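Report on the following structure.
No value in this document is a laboratory result; all are computed from the given coordinates. What you are looking at is a predicted structure, and each value in this text was computed from that prediction instead of being measured. Positions of Cβ are backbone-derived with ideal geometry, glycine not excepted, and every protein chain shown enters the neighbour counts.
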Ligand SMILES: Nc1nc2c(ncn2[C@@H]2O[C@H](COP(=O)(O)OP(=O)(O)OP(=O)(O)O)[C@@H](O)[C@H]2O)c(=O)[nH]1
Ligand SMILES: [Mg+2]
């Protein structure tokens, strides 16, 4: 069984804690604070691995956790940064948020994608000495790494998908036009997982073709293997519908085309609108007296271009490839799924936006679980990100809470490892 859909959980590393420490040396009576910062938690990235065609990597392991940052220590010792974690996926993997089903990222042709950001290390007390606070006996805890539950769905990347009933010669065709070596045999469901091949017409012209397991009646409802694999033709720009024109198995090619098309339509009516070229295979088995007029009329009526081929004898294959290439050139590029998911929505879904505000010697400290989530996504060196942070503080009542505690302009606000002067 092809492994092409899996739910996993991912957690980036937590930031290490800042340290509380004071310089203690002989002959130095009042050494200042020298507690170092915690290290940053490791990030988690997805990376395309061209060598993989399935999600088998995730078959037995479903939880992935990056390393935490180390704690800071005295003498300004900075905690060690947690190592990043790289999760390999085959090209064409669509990452979705498990809860909402929204697309986070389509890993079809991109560099590494940061899925969970490691938490920042907490500041050691060396940062907190001010003229009015010379002996800071506190440091900041590291910020938690991001956590996500995601679903990985493989949707292969191919220009052309070979569809058709079992045993009609889809794999045979792929094996004669590309270097792919799918298994070919004279029984139904020889192909159990999609295979992909690069088809080169000449040096400049090439396309990618995918051979999927045979579809049968009821495939869209789960019969046979088909429905599992319909997902893999969703991105194809063009279908080559392979039929056994010889009727060797006592079948009628017209009926066969109808059956497969009905399954496409049941899966998604859009699939039926996609252009199809009919490859009437096994032409070598036809005798000269054979009448194909009904078949030709049917194809004409439905606007299907047809090529009579023999994969076995390599007959007319070139003509088929030229036609495929010509049609592809007229079609839009392969679909890439747009991201629908905004990590900022996550904030809204959190069950609570409560905060506790304390006035500790004139410094207003604010704490709250959700703030850690928010801060994990803020780049404090970036003005826009910072403005977003301020808006969220206002939206979720942090500013009001500070005011009700009696804060005045110019007072210091401390939110985990971030401090600023209050201005309302
Ligand atoms: N005579 C003849 N036999 C062919 C031709 N193409 C394929 N075959 C035979 O038909 C049988 C099925 O071929 P496959 O390529 O495995 O068919 P498939 O459509 O991939 O089948 P599934 O993977 O089971 O869906 C094999 O025995 C092939 O040798 C052809 O052009 N002529
Ligand atoms: Mg096959």
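Can you give me the angle between helix 383-395 and the longest principal axis of the chain, using Cα atoms only, in degrees from 0 to 90, rounded to the nearest 10?
Orientation of helix 383-395: about 80 degrees from the principal axis.
Assuming 0.36 nm per residue, please report the length gained on full extension of the stretch residue 384 to residue 22 beyond their Cα-Cα distance.
126.7 nm
Evaluate the distance, in nm, between pseudo-label points positioned 7 Å from the Cα of residue 293 and of residue 421 along their respective Cα→Cβ axes.
Taking the simple label geometry, residue 293 and residue 421 are separated by 9.5 nm.
Tell me whether region 160-330 comes out rounded, prolate or oblate; compute the Cα gyration tensor, take square roots of the eigenvalues as a ≥ b ≥ c, and use a/c under 1.5 as the rounded threshold.
It is rounded, given that a/c, with a ≥ b ≥ c, falls under 1.5.
Given R₀ = 25 Å, FRET efficiency for residue 399-residue 83 by Cβ-Cβ distance, to 0.05?
The value I calculate is 0.10.
Subtracting the Cα-Cα distance from 0.36 nm times the residue separation, let me have the gained length for residue 49 to residue 367 in nm, one decimal.
Length difference between fully extended and current span is 110.4 nm.
Using mean Cβ contacts within 10 Å as the protection proxy, how do 389-397, 327-335 order, highest first?
Answer by packing, highest mean first, reads 389-397, 327-335.
Given the chain, what whole percent of its Cα pairs are spread farther than 29 Å?
The calculated P(r) of the chain puts 58 percent of pairs beyond 29 Å.
Can you give the angle from 0 to 90° between the axis of helix 253-267 and the longest principal axis of the chain, with both taken from C-alpha atoms, to the nearest 10?
The answer is roughly 20 degrees.
I'd like the distance between the alpha-carbon centres of region 370-424 and region 72-126, rounded to an integer number of Å.
Centre-to-centre distance over Cα atoms comes out at 24 Å.
Sorted from fewest to most neighbouring beta carbons within 10 Å, what does the list 302, 78, 353 look like?
By the 10 Å Cβ count, ascending, the order reads 302, 353, 78.
Tell me the angle of helix 317-330 to the major Cα principal axis of the chain, expressed in degrees between 0 and 90 and rounded to the nearest ten.
Helix 317-330 sits at roughly 40 degrees to that axis.
Sorting check: for 306-315, 175-184, which peptide has the highest mean count of neighbouring beta carbons within 10 Å, and how do the rest follow?
Answer by packing, highest mean first, reads 306-315, 175-184.
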